[in-house]
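Working notes for the structure below.
The values are calculated or read from the model by the stated rules, or taken from the named source; none is laboratory data. All figures in this text were calculated on a predicted structure; none of them were measured in a lab. For neighbour counting, all protein chains shown are included, and Cβ atoms are generated from backbone atoms with ideal geometry for every residue, glycine included. SASA here: full protein model, heavy atoms, side chains in, ligands and nucleic acids out. Shrake-Rupley method; radii C 1.70, N 1.55, O 1.52, S 1.80 Å.
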Amino acid sequence: MSALHLPAGAGTVHPFLGTTMTVKVSGRETGGALTLIEQECPPGFATPLHLHQHDDEAFYVLSGTMQVSCGDRTWPAGPGAFVLLPRGRPHAFVNQQDHPLRLLQLTWPTGFERFAADVAALGAGPPDPARLTEVAARHGYQIIGPPDGAGPASRRRS
């Protein structure tokens with residue numbers, strides 16, 4: 001693995017389910033060890049309740065507050081908070097704020113960046129749920145349903 005410097009604003013950008021994901025480092029640069037993505041989520045954005053079969057996921061909140069559900073727990077995570085969501089545990093999050101949520105997403109081992117690229121390739125607008133479920137399954141992600149325990153705004157999707 002080589003040293004890497006990525007200037008501010010650089011990276012591969014993917015529109016992802018109404019968010020903007022900028023891949024800062026992928027498996028190509030880390031030898032498959034981890035992926036780092038900067039993500040901006042608009043007000044009302046919510047992930048479906050899902051689980052990762054092959055990778056762990058973590059978030060570091062840069063600005064805004066996310067409401068996170070994992071298993072039977074739900075909690076808010078604001079600026080400076082770190083959230084770890086282990087593989088195999090159903091989880092979701094929602095931006096219930098009236099301003100964008102900015103965060104860093106880490107996944108290890110790598111692969112999430114390829115899922116993000118495949119979802120972006122589905123085109124603009126909300127993807128067909130059956131197609132999204134199929135693409136997710138191909139990458140080791142199981143979509144279970146709408147966010148669980150994240151509140152009423154979690155039912156809205158961008």
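Things to note:
- Within the option set A81, A77, being at pLDDT 95 or above, open to solvent by less than 10 Å² (accessible area, probe 1.4 Å) and farther than 27 Å from L122 by Cα holds for one residue only, A77.
- Count of segment 118-145 residues which are touching a strand residue (DSSP E or B) at 6+ places or on another chain (Cβ under 9 Å) and outside any loop (DSSP other than H, G, I, E, B): 13
- Matching entry among T65, T133 (being open to solvent by 30 Å² or more (accessible area, probe 1.4 Å) and within 25 Å of S26 (Cβ to Cβ)): T133
- Unique residue being in a helix (DSSP H, G or I) and buried (at least 19 other Cβ atoms within 10 Å of the Cβ) when the list is F93, F115: F115
- The number of residues in segment 1-57 being assigned to a loop (DSSP other than H, G, I, E, B), open to solvent by less than 30 Å² (accessible area, probe 1.4 Å), over 18 Å from L122 (Cβ atoms) and not charged (D, E, K, R) comes to 4.
- Segment 96-143: number of residues that are within 14 Å of T35 (Cα to Cα) and of a type outside the set (K, R): 14
- Each residue in segment 117-131 was checked for being out of contact with any Ser or Thr (no Cβ under 9 Å at 6 or more places or on another chain) and touching a residue at least 40 places away in the same chain (Cβ under 8 Å), and 4 pass.
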